[in-house]
Each structure stands twice: as C-alpha cells, then as structure tokens.
Amino acid sequence: MKTFKAERLPKLTKIMYDSQQRLSKNNWEDTLKANHREIEKLLVMVSIFDTWRNTLERKYGTSARDLIKETFMDSYMSIYFACMSLYKQAHVSLRAELETVLRLVYFSSHPIELKWWKDDKAFFKGKHVWGDNYDYFMHLDDVNNFKGKAGGELFDKVRAMYTTLSKYVHSNFSSFQTTIQGVAPAYKKAEFGKWLSRFKDVQKYVNTVLALGLSEDFKSLGVVNQRKVLKVIGDATYKRALKQSLGLIIRGRV
Amino acid sequence: MAEIDTLRDQLIEELWLPMAREGGARFYNSRRKNKQMKLFTLTDGINFKEISRLEDNNLVQRGDCVLWVSNMIKAVRAETEALGVVLNGSICDELISTATCQLNPLFPCDILNLDFSSQDIYVNNSRIEKELEKVESFIVLQGQKRSKGFVLLQTTVVNSEDISRDNVKRVSDAMQSSGWGGLALDAFPPTISSNTQKMDLIKKVAELLCQKYKYNIFKISSLSKDINTQQQLYSLAVILVR
C-alpha cells in the first residue's frame, strides 16, 4: 500500500486501527477536559530537562545529552500514556526516567563504565550500575549532607518509589490495566490521580538526585535556573535542605 | 499590543519572502520549478509559517530543511511535520563554528533564518550582544563550508535594554580574520539606548561582518514592526555573495 487507506487494511488490523483511533481521541479529550491545567504544569516541570541538558552537555559531552534527552522523553511519554489512559505504561516510563537519571549521575564520573554499558558488556549484567542499595550515592558527601539537613534518607524514598514503579514493569496484579469492567483503556479519575502524584514525586527525586549528584553543575546553573529546579522539586523541606547543604545563595522565597 | 506571531507573519510576506526569492534567482537561476534552497531556520516550533511559505513559493522543499527549536517539547512537535532535521537547545549557548558542533555537517545553507525572537530567549543581560555573536559564528561557519553566497535573515526584539558598543566590538574582535582591523563602531555612543540606534547598530554590524569575512552585499533591506511603544520586532535581510 503506497498511499495509506484505512479501508484497505486487513480485517483484524482494521478493527484494531479503528478502535485505537477512537480510544486515542476519546481518552485524550476526557483526560484533558478534567486535567488540562495540571498537564500544562507537568509539561513546564519536564521542561527543566532543557536546562539540565544545556549545562551537562557542555561539560560531559554527547553522552550526557543523550541520557538527558532520554530522561525527558521518558517523562514526556509518561504524560502521553497517562493522557491516553494507559496508566500501566505511564508508570513504566516513570521507572525508566528514574533509572536513566541515576545512571547519568553515576556515569558522569565513570566514563569507562559508561563505554562498557553502551557496549552492553556483561559487567553490569543483573545489577544496577550504582550498586546494591544505592551504594554509590551513599558515598557522595553532598548526599550525606542533604540527609542531615532533610532529616531523612532521600534514597529510602527513591527505593520505595522504584519498588512501586517496578510492580508495573513486572505486571503485578495490582498494576493490571484490564479490569472486571472491560479491557479497553478509559479515563479513570482515581488511576489518573495516583499516577499524577507519583509523577510529581519522581520529578522531585530526579531533580534532587541531579542537584546533589552533580552539585557543581547545579551550582553553576545560576540563580534563575536554580530557582527553576527548586520549583520543580516543590517540597519545602527538600528545597531548604538543598539550599543549606549546597550553600546556595538564593534570596527571597523559592 | 501586537502579537509577535502576527508581526512575524507580516515580516515573512514583506521582507523574508521577497529577499529569499531574489536570492533564489541569484543563486539558482537555472532551477525553474523549484529553487531547492537549503534552509536553516530558528523556528518557533508551533506553526512553521516561514517554512510553509517558502515551500509554497517553490524556494525550499519539505524534508530538506534544518530546524532549530528552543526546547525538547517543541522538537517533538517539529518532528511530526517531517520538515527535515530538527535540532534543539539554547542557540545562544551553542558553539556554532566549532567542528564538533551538531550543525557542522548540515552546513552550508542557502537561507539562514536567524529569528532569535522565536527562541524563548529570556536572558535580559546582553541579549542582543549574544545574538550578534551568534550571527557572526554562523557567517564563519558558512565561510568554513565554502558558501559562495546565501540569504541572511536576522530578526530580534529590540526593547529597553541598552547595548554596549564596546562589548559588541570586543566579542567580535576576539574572532580573528586575516587582514581585519577590528569592528569600527565609533559612530555609535558607548551605551546605545535608543531603539533606532540599536537597529542601526545591528545593520552596521552585519555590513561590517560581510567585509570581515569577505562577502559582498548584493542586497540589504530591513523592516521593523511595533510590538508596543517600547518594543519593536526588527528584521534585517541581506544577500551575501562572494
């Protein structure tokens, strides 16, 4: 078929094509009718990766650019899937986003390991590049300073979120996309709300990990961009702990 | 207050298209049906009006353009149009004339649409100075890639922010070119505050850069549109030839 003509599709393909066209339109519209302001805010949040990319690419080159682009795309696709009412896939994308940022921080100071990882060497088979129990991050001074100021362990929260999101990757029963009422994805207020809350938490953790793991780069962003990052993080305790542990001089309310 | 998008549409019709047509006739006279000029454009990532109008006028072909948008959300949007290569980022931070720059293999181009007003540049500190530096880097890149001539469209918002004459000169003079004695801007005051003088300076710099990089000016034209009483959208169009 040189020119696409839906009516010439084979029978089952045609049925699937028609239903997905309709689902896409209806689910986007139902989601946006109720949540367009919230979605706009999320898109502003993920735009922060443009700021990170501009800085990190200059220092770490194309690898950092590629990882940040992928991080952005994971967050963007999570929004996309949520708007399509594909909540399981929206959560899977969030885990991918979290993983990519953890890798980015680790690889920023491990160029040889980065090459091994890109070459798909067996070295990382069956384990995270950042080690068991987020070992690598536990040895970073800025992470430990932050822990003292925030009154809690950031990576306990990251671990808990990772575990939750992994249930969607591994298709635990609670993460099923089909329900007793039907198989077609449809806008569900409660499911959307659950995803939305996790989405915001992931952006908080991801930006905090970047700010602590790449603290010199975060400090070099300048006050305007530091404010933007802190705004995405949102949590007042985290913002205060970051300002204190990194010695940021940002006047006024952030 | 006029919308920048509306004013940009006017610039397209009144300045960019006539100059691109003239450039097309000058550089590709033998191409009758379509001039197939290679376009690099700083675009808004929303409606791509300049591309569609150049396409309508048989000056460029869909799929052959190089688009630069300011962020990744706009890049996704731009890619859905299948207009060509889409790049994104902060244009003012890009090291344009270096060999490792992602733009390098995509040049030379026949039309350079340096519409800085499309790039969400929120920097208010030396913004126009930075844009002028980028214009020079693009001319350098065109020269490095042995371009014999091209249409340069340069557009910016002129507002209440002053321009430092010496800053413009210092940055430009740091980019050396054999036999060049430096940017002569003595006719301008050290601090340029009036919008008319700012536009004159932008035009003068473009003329001097042509000399510096050994291009002749085949034609130069400019247009400004009022955004409000303090701000203007200024566009300069130059056909450079060697």
Response to the item:
Of the residues in the stretch A:229-253, those that are surrounded by fewer than 16 Cβ atoms within 10 Å (Cβ to Cβ) and either in a helix (DSSP H, G or I) or of a type in the set (Val, Ile, Thr) (or both) come to A:Lys231, A:Ala236, A:Thr237, A:Arg240, A:Gln244, A:Ile249, A:Ile250
Worksheet, complete the sentence: In the stretch A:218-249, anything over 17 Å from the mean Cα position of the chain (by Cα) and within 14 Å of another protein chain (Cβ to nearest Cβ) is listed as A:Ser220, A:Leu221, A:Gly222, A:Val223, A:Val224, A:Asn225, A:Arg227
Practice prompt. Scan the stretch A:217-248 residue by residue and report those that are in contact with a helix residue (DSSP H, G or I) (Cβ under 9 Å, 6 or more places away or on another chain) and of a type in the set (D, E, K, R).
Written response: A:Asp217, A:Lys219, A:Lys228, A:Lys231, A:Asp235, A:Lys239, A:Arg240, A:Lys243
Item to complete: Could you tell me whether B:Arg8 is of a type in the set (Lys, Arg) and farther than 23 Å from B:Lys134 by Cα?
Response: no
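This table checks each residue for (1) charged (D, E, K, R); (2) at pLDDT below 95.
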{"residue": "A:Lys25", "(1), (2)": "yes, no"}
{"residue": "A:Lys41", "(1), (2)": "yes, no"}
{"residue": "A:Ser47", "(1), (2)": "no, no"}
{"residue": "A:Leu56", "(1), (2)": "no, yes"}
{"residue": "A:Arg65", "(1), (2)": "yes, yes"}
{"residue": "A:Thr71", "(1), (2)": "no, no"}
Response to the item:
Filtering the stretch A:164-217 down to residues that are assigned to a helix (DSSP H, G or I) and among the β-branched types (Val, Ile, Thr) yields A:Thr164, A:Val169, A:Val202, A:Val206, A:Thr208, A:Val209
Discussion item. Here is a check on your reading of the model: is B:Lys130 within 14 Å of chain A (Cβ to nearest Cβ), part of a helix (DSSP H, G or I) and crowded, with 22+ Cβ neighbours inside 10 Å?
Written reply: no
Worksheet, complete the sentence: Here the residues within the stretch A:131-155 that are closer than 20 Å to A:Asp217 by Cα and among the aromatic types (Phe, Trp, Tyr) are A:Tyr136, A:Phe137, A:Phe146
Discussion item. Between A:Gly131, A:Gly193, which is out of contact with any Phe, Trp or Tyr (no Cβ under 7 Å at 6 or more places or on another chain), free of Cβ contacts under 8 Å to residues at least 60 places away in the same chain and at positive phi?
Written reply: A:Gly131
Worksheet item: Do any residues in the stretch B:1-29 that are without any contact (Cβ under 8 Å) to a residue 60 or more places away in the chain have Cβ atoms under 6 Å from those of residues that are assigned to a helix (DSSP H, G or I) and not charged (D, E, K, R), where the two are at least six apart or on different chains, and which pairs are they?
Response: none
Practice prompt. Restrict the check to the stretch B:214-235 and report whether at least one residue is over 26 Å from B:Glu13 (Cβ atoms), surrounded by fewer than 18 Cβ atoms within 10 Å (Cβ to Cβ) and at pLDDT 95 or above.
Written response: yes
Worksheet item: Residues in the stretch A:11-22: is at least one without any contact (Cβ under 8 Å) to a residue 60 or more places away in the chain, closer than 16 Å to A:Asn207 by Cβ and not aliphatic (A, V, I, L, M)?
Response: no
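Residues checked against (1) surrounded by fewer than 17 Cβ atoms within 10 Å (Cβ to Cβ); (2) farther than 29 Å from A:Ile48 by Cα; (3) out of contact with any strand residue (DSSP E or B) (no Cβ under 9 Å at 6 or more places or on another chain); (4) of a type in the set (Gly, Ala, Ser):
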site: B:Lys38; (1), (2), (3), (4): no, yes, no, no
site: B:Phe48; (1), (2), (3), (4): no, no, no, no
site: B:Val60; (1), (2), (3), (4): no, yes, no, no
site: B:Thr100; (1), (2), (3), (4): yes, no, yes, no
site: B:Asn104; (1), (2), (3), (4): yes, no, yes, no
Discussion item. I'd like the full set of residues that are of a type outside the set (A, V, I, L, M, F, W, C) and either over 17 Å from A:Ser75 (Cα atoms) or in contact with a Phe, Trp or Tyr (Cβ under 9 Å, 6 or more places away or on another chain) (or both), limited to the stretch A:39-59.
Written reply: A:Ser47, A:Asp50, A:Arg53, A:Asn54, A:Thr55, A:Glu57, A:Arg58, A:Lys59
Worksheet item: Any idea which residue in the stretch B:13-33 is surrounded by the fewest Cβ atoms within 10 Å (Cβ to Cβ), counting only those that are among the charged types (D, E, K, R) and part of a helix (DSSP H, G or I)?
Response: B:Glu13
Worksheet item: Based on what the data block shows, is A:Trp130 modelled with pLDDT of 95 or more and of a type in the set (Phe, Trp, Tyr)?
Response: no
Worksheet item: Where in the stretch B:34-125 are the strands (runs of 3 or more DSSP E), entirely inside, with at least 1 residues that are more than 13 Å from every other protein chain (Cβ to nearest Cβ) and within 30 Å of A:Asp74 (Cβ to Cβ)?
Response: B:39-42, B:65-69, B:84-88
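The values are calculated or read from the model by the stated rules, or taken from the named source; none is laboratory data. Just so you know, these numbers come straight off a predicted model, no measurement behind them. Glycine gets a Cβ as well: all are built from the backbone with ideal geometry, and neighbour counts include every protein chain shown.
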